[in-house]
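**Q** Here's a structure for you.
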């Protein structure tokens, strides 16, 4: 169920973006103890003409400053409620490190927001997660 939506300025090489997706997926699987087949990570690239920085477009800012000082990678994550704060802190640090290393972004410009999802307010296949997860846990218990 954990998802991460990464918003970046358009223009990064595809190989770099694929590496970001793979590394963030690995970090999420490890830190959140989540099966990889339950993870979703996607990147939205925004046209620098449509990204505003201090009242100007990013395209204008990029004309006078390096990308790492202009771009503010923004990650929106959704995690099911109830995870320990320590996991939140570790995933924020890991995502920040991965983006800084791969994109050349200044760590101080990277933002990560974790939105907790209430199981009764998150649907999976048309069913509240509270119901779907209960059925899954019951099935695992029967299989044991």
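The values are calculated or read from the model by the stated rules, or taken from the named source; none is laboratory data. Nothing here was measured: the structure is a model prediction, and the numbers come from that model. Neighbour counts are summed over all protein chains in view; Cβ atoms, including those assigned to glycine, are modelled from backbone coordinates with ideal geometry.
**Q** Out of (1) farther than 14 Å from residue 6 by Cβ; (2) touching a strand residue (DSSP E or B) at 6+ places or on another chain (Cβ under 7 Å); (3) free of Cβ contacts under 8 Å to residues at least 60 places away in the same chain, what's the single condition that is false for residue 104?
**A** Only one criterion in (1) farther than 14 Å from residue 6 by Cβ; (2) touching a strand residue (DSSP E or B) at 6+ places or on another chain (Cβ under 7 Å); (3) free of Cβ contacts under 8 Å to residues at least 60 places away in the same chain is unmet by residue 104, namely (2).
**Q** Taking into account only those residues within the stretch 119-132 that are in contact (Cβ under 8 Å) with a residue 24 or more places away in the chain and not in a loop (DSSP other than H, G, I, E, B), which is farthest from residue 38 (Cα to Cα)?
**A** 119
**Q** Of the residues that make up the stretch 12-23, is at least one over 30 Å from residue 62 (Cα atoms) and surrounded by 16 or more Cβ atoms within 10 Å (Cβ to Cβ)?
**A** no
So that you can scan it fast, the table gives a plain yes or no per residue for (1) more than 30 Å from residue 127 (Cβ to Cβ); (2) over 14 Å from the mean Cα position of the chain (by Cα):
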{"residue": "13", "(1), (2)": "yes, yes"}
{"residue": "20", "(1), (2)": "yes, no"}
{"residue": "26", "(1), (2)": "no, no"}
{"residue": "43", "(1), (2)": "no, no"}
{"residue": "58", "(1), (2)": "yes, yes"}
{"residue": "62", "(1), (2)": "yes, yes"}
{"residue": "69", "(1), (2)": "yes, yes"}
{"residue": "73", "(1), (2)": "yes, no"}
{"residue": "89", "(1), (2)": "yes, no"}
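**Q** Another question, then. Which members of the stretch 77-101 meet the condition of being in contact (Cβ under 8 Å) with a residue 60 or more places away in the chain and more than 16 Å from residue 25 (Cβ to Cβ)?
**A** 80, the sole residue that qualifies.
**Q** Tally time: how many residues in the stretch 80-93 are surrounded by 16 or more Cβ atoms within 10 Å (Cβ to Cβ) and touching a strand residue (DSSP E or B) at 6+ places or on another chain (Cβ under 6 Å)?
**A** Of the residues in that region, 3 qualify.
**Q** Got at least one residue in the stretch 25-33 being surrounded by fewer than 17 Cβ atoms within 10 Å (Cβ to Cβ), at pLDDT below 95, touching a helix residue (DSSP H, G or I) at 6+ places or on another chain (Cβ under 7 Å) and within 21 Å of residue 93 (Cα to Cα)?
**A** No; the residues of the stretch 25-33 include none that is surrounded by fewer than 17 Cβ atoms within 10 Å (Cβ to Cβ), at pLDDT below 95, touching a helix residue (DSSP H, G or I) at 6+ places or on another chain (Cβ under 7 Å) and within 21 Å of residue 93 (Cα to Cα).
**Q** Which of the following residues is touching a helix residue (DSSP H, G or I) at 6+ places or on another chain (Cβ under 6 Å) and either farther than 18 Å from residue 22 by Cα or modelled with pLDDT under 90 (or both): 53, 91, 43?
**A** Just one listed residue meets the conditions, 53.
**Q** Please specify each residue of the stretch 54-76 satisfying the condition of being crowded, with 16+ Cβ neighbours inside 10 Å and within 22 Å of residue 5 (Cα to Cα).
**A** Within the stretch 54-76, 58, 67, 70, 71, 72, 73, 74, 75 meet the criteria.
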